[in-house]
Amino acid sequence: MFRFSFTILAIFAFVTPDLSFAEGRYPTSLIRIPESVETIFVAETSTSAFHQFDNLDGNLVLANSFYMSIGQSGPGKQRSGDKRTPLGLYFVTEQLDTSKLHEKYGVAAYPLDYPNVWDQQAGRDGDGIWVHGVHPEGGRRPPRDTDGCIALPNEDLKLLQGSIEGNVTPVLVTQQLDWSDKRSDTLLRPELESAISRWASSKANGDLHAYLSSYDAGFRRWGMSNAEWSALFLQPNGFRDYQSTQVEDLLLIAYPEEEGLYLSRFRLTAISAHEQIDSIVRLYWRRDESGALKIVAEDVG
């Protein structure tokens, strides 16, 4: 029998930029961008455009668009060696020293964290997907000309170097960026925020039933089914109890090319009587048959 008697504290930092753009249009996929994310990039494969959105004085604005090249076989990577550029939401992991690389990578190279947990769950593999420059003497590359990476002209990539931060900057890769003349997150954003708050609160008050109820029946983790994964928490000391949890720097984005899939990424601070644990959590949400938002994949970092 489980007994929990902890104070519950689940707090969101809801001070976020207003998603306002020229001509009153809004990108429907960018639901909530925290101030900690100063720049987000959207690679639009249908137009060979690499869009830069910046947070400026609390407003997210379309700062620039650059020409890019993608994989020789187009978008939609599935396996290693298929010369396709993956479609999805990724994060820059670091900046590589291109002086130690082949000249074809140009002035800078930024690896992306492909394949992420959603790619792995979908059976996609491969690696080595970067945003990088071009050979100094290569000139303008055709729209489809890489082994799967995103390649920008060197002069453009130089302009972006100060805007890219490892493990912070998102790169959304989609076939077409959808725009709307109205805010699309009026109901969806608070619904997602409430779902995340309930998930965090269940960790704070040790409510195992509420915690597991946030997960979809088809959820998988570490190669285990939902039932197998859930069984781990029923073991002695299987479910950690905390005095409080705090959610900050919440990012919410509609996952590209996946209807009804949403990624939440946030900093979670969990405090117990003896320690404080800080982590970056990614939860992928989708509605179940009843229409409730449930977690279909989870990762950290």
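Go over the candidates Y215, Y242 one by one and state the one that is touching a helix residue (DSSP H, G or I) at 6+ places or on another chain (Cβ under 9 Å) and modelled with pLDDT of 90 or more.
Y215
Considering the range 93-122, the residues that are free of Cβ contacts under 8 Å to residues at least 24 places away in the same chain and farther than 18 Å from V42 by Cα include one that is nearest to the chain's Cα centre (by Cα), namely Q120. Kindly indicate the residue of the range 66-80 that is assigned to a loop (DSSP other than H, G, I, E, B) and under 11 Å from I129 (Cα atoms) and also farthest from the chain's Cα centre (by Cα) among those meeting that condition. This residue is S80.
Y90: more than 19 Å from I253 (Cβ to Cβ), touching a residue at least 24 places away in the same chain (Cβ under 8 Å) and among the aromatic types (F, W, Y), yes or no?
no
A200 falls short on exactly one of the conditions (1) within 21 Å of V37 (Cα to Cα); (2) in contact (Cβ under 8 Å) with a residue 40 or more places away in the chain, and that condition is (1). In the set (1) assigned to a strand (DSSP E or B); (2) loosely packed, with under 15 Cβ neighbours inside 10 Å, Q52 fails one condition alone, (2). Among the criteria (1) surrounded by fewer than 15 Cβ atoms within 10 Å (Cβ to Cβ); (2) more than 30 Å from S225 (Cβ to Cβ), the one G123 does not fulfil is (2). When the helices (runs of 4 or more DSSP H) confined to the range 113-207 are screened for residues that are over 30 Å from S279 (Cα atoms), those reaching at least 2 such residues are found at 154-160.
Given the criterion surrounded by fewer than 19 Cβ atoms within 10 Å (Cβ to Cβ) and closer than 24 Å to L87 by Cβ, identify the matching residue among R240, R220. Going through R240, R220 in turn, the sole match is R220.
Candidates in the range 89-117 are the residues that are closer than 27 Å to I31 by Cα and in contact with a Leu (Cβ under 8 Å, 6 or more places away or on another chain); of these, the one that is surrounded by the most Cβ atoms within 10 Å (Cβ to Cβ) is L89. Within the range 218-241, identify whether any single residue is of a type in the set (A, V, I, L, M), assigned to a strand (DSSP E or B) and closer than 30 Å to D178 by Cα, and answer yes or no. The answer is no, given that none of the residues of the range 218-241 is of a type in the set (A, V, I, L, M), assigned to a strand (DSSP E or B) and closer than 30 Å to D178 by Cα. Check the range 265-276 and report whether any residue there is crowded, with 18+ Cβ neighbours inside 10 Å, in contact with a Pro (Cβ under 9 Å, 6 or more places away or on another chain) and under 20 Å from F91 (Cβ atoms). There is at least one residue in the range 265-276 that is crowded, with 18+ Cβ neighbours inside 10 Å, in contact with a Pro (Cβ under 9 Å, 6 or more places away or on another chain) and under 20 Å from F91 (Cβ atoms). No other residue among G291, G301, G260 is within 21 Å of V171 (Cα to Cα), modelled with pLDDT of 95 or more and not aromatic (F, W, Y) apart from G260.
The values are calculated or read from the model by the stated rules, or taken from the named source; none is laboratory data. Owing to the predicted nature of the structure, the values given are computational and were not obtained by experimental measurement. Counting neighbours? That spans all protein chains shown, and the Cβs are built from the backbone with ideal geometry, glycine included.
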